[in-house]
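Notes for the one structure printed next.
What follows is calculated from the coordinates using simple rules that are stated; it is not laboratory data. Because the structure is a prediction, the values reported are computed rather than measured. Note: ideal-geometry Cβ built from the backbone for every residue, glycine included; neighbour counts use all protein chains shown.
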Amino acid sequence: MSIRETAKAALRGLGLYPLRTFLSVLGIVIGVASVIGLVAIGAGVQKSVTNQISQLGSDVLLVSPAMQRGLFGRSVAQTTVDTSMAKDLVEHNPLIRQAVATLQTQGTMTVDNSTLDVTVVGVTPDYADIFSYPVETGRFLRASDQDLGVDVVVLGAEVASTLFPGENPLGRKVQLSAGNYPTRSFIVVGVMSSLGRTFAGNFDGQVYLPASTFFRWTGQRRVSTFILRARSSDVAVDAADQVDFYLTRRVGANKFRVESQQAILQTIGSVVGTLTLSLGAIAGIALVVGGIGVMNVMLVSVKERTREIGIRKALGAKNRNILSQFLLEAIFLSLTGGLLGLFGGWGVAALVSRWGHWPTVLPIQAIFLAIGFSSAVGLFFGIYPAMQAARLDPIASLSYE
């Protein structure tokens, strides 16, 4: 028999018991769908986080005070510094070309009878430039605002659209309150473009004050984060080492944490990759179970079709023809299950990705791996039943009831 005739015979054999064929395929579908779904979700999460971090730029470094246990077990920053260190970080570290100090607290902004919870961020003037964060209308904070400590504020896009729907907020007076700090009036001088939520936070829900004004209003002098930009992404890692060495000499060891975006990307990629691989391996167990189901169905099929095998052998079919037919049946089962599982896993990943607001990503290697592995499962678990069928004695098969 030719391969084509053998394939037709295999398909006819599978069509004899459609329900049983479907149930055996279902095990492979679940296994492949689990693997594909988990891999696609993991890849999508990794790409989403990578894109968000990359928005900051691969040459950006984050410097934050290390935390220690404070009163009642609360974590507090170890070191109190002011914005002057931002200038010192640039002057004493040749690989750093720009530095910004940020201070942060949660507050409430009031306009007429409307109120909105906002994140209040005190920054130095280079903040918008270092994040490549464009102004929509008006202007961002200037050096003169910082030097004079004037009461001006720049609004994030979401804040502006919520408190000033359809209006131009420039020049309007707003009230800011935060914690036990006294309520203070500020003049709106700018509105930022929409940047959305990123790894660094929700820019659109923030309002920006000069750091010196923030100091005077709250009395808080502890800098939350220094944001640094290296001369280039190629020297970012060396710049991080340089800054770490400088801070260790200035304020002491283990008082600050210096993180480069490249290091964060590598860490997140490694963690997500390991987690995805582990979950994929666990889901692969379902694929093995599906393969055992295929083997069981094929053994039953051999028993039920013993007389058919005897007739075919009596008509001249060789052992290799019988072996090929049953092997092809097992491979057809697994391959069909693999294809259905591929689309099913992709669909599940797409739904989860839409819910989680990250892209649906399926590496091409995962597709080939899933199809190849499902076919290999069919081949592996189909060998024994196929050999059992090929070894049947034709005379005994013809008399089998």
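Listing for the model above:
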item	result
Antiparallel DSSP beta bridges within the stretch 139-190, as percent of all bridges there, nearest 5	60 percent
Nitroxide proxy distance, nm - points 7 Å out along Cα→Cβ at residue 110 and residue 288	6.5 nm
Spin-label pair residue 384/residue 216, simplified geometry with 7 Å Cα→Cβ offset, distance in nm	8.3 nm
Value of D in µm² per second that Stokes-Einstein yields for the stretch 60-231, Kirkwood Rh from Cα pairs, at 20 °C (1.002 mPa s)	129 µm²/s
Hypothetical label at residue 245: residues of the stretch 84-114 whose amide nitrogen lies under 14 Å (7 Å Cα-Cβ projection)	92-96
Cα-centred dipole magnitude for the stretch 60-231, charges only on beta-carbon of K, R (+1) and D, E (-1), debye, nearest 20	460 debye
